[in-house]
Amino acid sequence: MERDDEELLYLGAGPLVAILLGMALVPMRGFTTASNYTFLFMALTILVAGLGGRAAAVATALCSALSLDFFLTRPYMRLSIADKHDVIAFVGLAMCGLIAAAVGSQRGERVKSLRASREQLELVQSGLEQLEKGVPTDRALTRVLDVSRGVLPLAAAVVRDTRGNLIAATERAHGMPVPSLSLGFDALESPAAPDRASQPLPPDGARLTLVAGGRQVGWIDVWGNGKPASAQARRTLSGMARLLAVILARE
């Protein structure tokens, strides 16, 4: 499952679990005050923050506060609070939950960044392995392109030689027209491009020139899958193009 899908999953699951937790605690609400159950909702919020990111954590924190109010504070089964101590517990849970969401989601962002770096390293390693093993050029290029689809926001990609002949392609890329848009390495790698980099790669395709040893050895055509292409992803695309050029230059 991709990271974006995981975040959507926790965005729905976190609030749902908060509601179910409040329902599960209903039989025990007479044993102690509602404030003593807040730590359970806090633990849930922190867990969701680490796994699902900021949006899922905030939604879970708010639903936790509402669940505590609705199921565990008097008058029961109503979104109102009679006891001032329960009011303090409700406000405290909401505030602490939002703080936990902010802090926990930072860890989630770091984990996401580390995961992306690891995937990009695997992409480079796959290309180097093909060079080391002397794998035929077309197979080596296909291997790198296939790995790239799991790392970059790409729907398809093809490599062509200087004559325009197709050498390697990902699944469903055969027969796609040559893109009219060209991308430059400077634009992909520019540190001033993060705002533009949040946009997806062109769904109609874009072309990068493959250069090795100061001479052009081919092109790579890429089609975006509609997901945002971060600055890091665009730099990885640039690095992958250079790697493909080195592999293609063996011919």
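Some notes on this structure:
- Phi-based couplings in Hz for segment 128-141 (Karplus 6.51, -1.76, 1.60; Gly and Pro marked x): 5, 5, 5, 5, 5, 7, x, 5, x, 4, 4, 5, 5, 5
- The charge dipole of the chain, taken about the Cα centre with unit charges on the Cβ atoms of Lys, Arg (+1) and Asp, Glu (-1), comes to about 180 debye, rounded to the nearest 20.
- Trypsin sites (Lys or Arg not before Pro) within segment 119-223, DSSP loop, no more than 15 other Cβ atoms inside 10 Å: R163, R172
- Here the peptides 35-45, 174-184, 226-236 are ranked by packing, the mean other Cβ count within 10 Å, and the order with the highest first is 35-45, 226-236, 174-184.
- Degrees, to the nearest 10: 3-24 long Cα axis against longest axis of the chain: 10
- Its alpha carbons considered, segment 1-48 gives a radius of gyration followed by a Dmax of 13.3, 43 Å.
- Taking Cα atoms only, the orientation of helix 231-248 departs from the longest principal axis of the chain by about 30 degrees.
- Here the accessible area of the chain is 60 percent carbon and sulfur, with a 1.4 angstrom probe and all protein chains present.
- Along principal axes, Cα extents of the chain, largest first, whole Å: 79, 34, 30
- Average accessible surface area per residue within the chain, 1.4 Å rolling probe, Å²: 53
- Diagonalising the gyration tensor over the Cα atoms of segment 2-82 and scaling each eigenvalue by 5 before taking the square root yields semi-axes of 26, 11, 9 Å, largest first.
- Net charge, L166 excluded, C-beta distance under 12 Å - Lys, Arg +1, Asp, Glu -1: -1
The values are calculated or read from the model by the stated rules, or taken from the named source; none is laboratory data. Since the structure is predicted, the reported quantities are computational estimates derived from the model, not experimental observations. FYI the Cβ positions are ideal-geometry reconstructions off the backbone, even for glycines, and counts take in every protein chain you see. Areas reflect the complete protein model, heavy atoms only, side chains present, ligands, DNA and RNA absent. Shrake-Rupley method; radii C 1.70, N 1.55, O 1.52, S 1.80 Å.
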